[in-house]
1. May I ask for the equivalent-ellipsoid semi-axes of the chain, computed as the square root of five times each C-alpha gyration tensor eigenvalue and listed largest first in whole Å?
2. Rank by packing, highest mean first: peptides 279-286, 187-194, with packing defined as the count of other Cβ atoms within 10 Å averaged across residues.
3. Above 18 Å lies some portion of the pair distances; for segment 30-167, what is it as a whole percent of all C-alpha pairs?
4. To the nearest 10 degrees, how steeply does helix 260-269 sit against the main Cα axis of the chain, on a 0 to 90 scale?
5. Round to the nearest 10 and give me the degree value, 0 to 90, for the angle of helix 88-97's Cα axis relative to the longest principal axis of the chain.
6. Note down the relative contact order for segment 54-140 as a percent, whole number, built from C-alpha pairs under 8 angstrom at least six residues apart.
7. Suppose a student asked you for the relative contact order of segment 187-281, using Cα pairs under 8 Å spaced at least 6 residues apart; what percent would you report?
8. So what is the calculated 222 nm ellipticity per residue for the chain, using -39500 (n - 2.57) for each DSSP H run with n of 4 or more, over all residues, to the nearest 500 deg cm²/dmol?
Amino acid sequence: MTESQPSQTRLRLRPVPCDYCGSEATEPYLTGRDRLCGLEGEFHVVRCRECGLLRTNPQPVLEDLPKAYPPDYEIHATSVESPDPPAGWLRWALVNYRNYPLGRRAPAPLRALLWPLTAPRLGSRYGLPYLPFEGDGRLLDFGCGVGQYVARMRAAGWDAEGMDLVPEPVRAGREAGLPLREGTLPGADLPADHYDVVTLWHVLEHVPQPKATLEACRRILRPGGRVVVVSPMSDSLPADWFGACWYGLDVPRHLTHFTQGTLARHLESAGFRVARAIPIRRPTFVRRSARYLAEETGRGLPRLLGRSRALARALSHVSRLLRRTDEVLFVGRRPEE
């Protein structure tokens, strides 16, 4: 979505304890404003004195949270594209390296020979959403919106379904023939030990109680199943560079601000074993952050960075080399029992 003009909406706020340890003792971290949607006021991010978890505090009261998402925000999208099944090199790679049921596998020597050419593309932002296929391919996308990822995975052979709290996109997805349900985690009546994968793409930072959400994911996953979480990282280099102007901050919609360490700890406390943590470059985050900084300071260098795709890509490569990218994809696995 595009940046909005200042809004006259003012949210009611409430203090909240730390989601990880329950402590109310905090120290200031930074103060920001809603640069994306223009909601009134300033919003404070604090660090828990006991465990170090960052959170927006005070936070919008639960009844006011929908007001933080304007009509043009992604969660309100109501159009669904019908993706084609994977074809060409992608289909071949998914069959041979990620066990997709889309054809016969090539001989092992050929797979080994072509792996160095295929691995970078599978590891790109385009290839990462195609998770390794396991079990019966039962996948739940929590925070699915209109269900575009669900449609994409169903076209690739997954038995995928979605869940979202917002009724309008869920209704639109259903009308397009997708198996979506309205609800949230925890709270939804879903079978235990059922899914092979639960995905949360830019969701966990938005929920009021992320630890309880992860525990609910563990309950509905089969033993050995995976939870996949993608979230902005507050210990990224761009977060350090841009501070309160960092695009990934997104107060007041982001309620918890994870670092790589605190997100891994949250997963472990919910009963998962962290299997992978994959840095994801986001040059767009760098450019948008630079634009915010240019608006804030009037300086020329941020304005130049905000316009230059090449500079933004270069800086995002630096963050990738140092494994301190704007976003990280975490894979947590429920232990076998």
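1. Values: eigenvalues 208, 120, 84 Å².
Ellipsoid half-lengths, sorted descending, are 32, 25, 21 Å.
2. On the way: 279-286: 21.1, 187-194: 12.1.
Answer by packing, highest mean first, reads 279-286, 187-194.
3. Working: 6466 of 9453 pairs.
That fraction is 68 percent.
4. So the helix axis and the longest Cα principal axis differ by about 70 degrees.
5. Between the helix axis and the principal axis of the chain, the angle is about 80 degrees.
6. Values: 27 pairs, mean separation 20.6, N = 87.
With pairs under 8 Å counted, the relative contact order is 24 percent.
7. On the way: 116 pairs, mean separation 29.8, N = 95.
Relative CO of segment 187-281 lands at 31 percent.
8. Working: 10 runs with 105 residues, N = 337.
Mean residue ellipticity at 222 nm (helix-derived): -9500 deg cm²/dmol.
Bear in mind these aren't lab numbers, they're just calculated from the coordinates by the rules spelled out. Remember, it's a predicted structure, so these values are computed and weren't measured experimentally. Positions of Cβ are generated from backbone atoms using ideal geometry, with glycine treated the same way; all protein chains shown enter the neighbour counts.
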